[in-house]
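A quick write-up on the structure given underneath.
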Amino acid sequence: MAKAIRQTEITIPPMNIQSLEVVLIGDSPLVVHAWSDKAKKMMLDKQMKKAMPKKEAKSPEQDFIDSLYWYSPKPASPTLEDVQKGQFGFPAIAFKAVAVDACSHVDGMTKVAARGAFHIDGDLVRVEGAPTPREDMVRLAMGVADIRYRAEFRAWRVRLPIRYNANVISAEQIVNLFETAGFAIGVGEHRPQRDGQCGRFHVARQGE
């Protein structure tokens, strides 16, 4: 004789999803380095075992343009004039990553908990500011010196549209993570986390 299946009622507690905008103001230049279409094609061609063309001469102007993350529509072949008219961004996930890393510097929140407790909407957040060219001397993997040309925002700010689970993390904790991240970790190239001084920021106060 078949036994009756006992049904159990399951109650799922609702999440308390809230919205918050955090404004970050740069304390040192934000140095950006997006992957150019040419660099991505060269990487793909190498993985597909295609013949590699002769390396082209370095173009500081083109390297500067290619390093930008375009927030406004990117022209097919952008020029310096297009850069003056354009709007630019930075990966939202990079700002989340530094806030999560800041858990190592504060009490009461683990990286695992923070990673799932809040999210920044969108792929890019707009950087308010004008990009200018930057020249840096770098050392490659084999110790060879090279010159890199990238864009930097000397004065900048971003607005982060955040959604968070208030059952797990509070708005005050989120703000504290970003404040700590701005001083201890930074964002972009040459940030404090990588022994640099660039990409430092603070959370905007009232009136800023």
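Any read-out appearing in this document is the output of simple, stated calculations on the displayed coordinates, not a laboratory observation. Quick caveat: nothing in here was measured; it's all calculated off a predicted structure. Positions of Cβ are backbone-derived with ideal geometry, glycine not excepted, and every protein chain shown enters the neighbour counts.
A cut-off of 5 Å between modelled amide H atoms, ignoring neighbours fewer than 5 places along the same chain, links LEU124 with ALA92.
VAL100: net charge of surrounding residues, Cβ under 12 Å, Lys/Arg +1, Asp/Glu -1, itself excluded? Combined, the nearby Lys, Arg, Asp and Glu give +2. Working note: Cα atoms of segment 86-208, range along each principal axis, descending, whole Å: 50, 34, 25. Computed from backbone phi, the HN-Hα couplings of segment 77-92 come to 9, x, 10, 4, 5, 5, 4, 5, 8, x, 10, 10, x, 8, x, 4 Hz, rounded to whole numbers (Karplus: 6.51 cos²θ - 1.76 cosθ + 1.60, θ = phi - 60°; Gly and Pro given as x).
Overall, the ratio between the Cα radius of gyration of the chain and 2.2 N^0.38 Å, rounded to two decimals, is 1.31.
Each residue of segment 158-163 is assigned a 3J(HN,Hα), and the resulting list reads 9, 10, 9, x, 10, 10 Hz, derived from the Karplus form 6.51 cos²θ - 1.76 cosθ + 1.60 (θ = phi - 60°), x at Gly and Pro.
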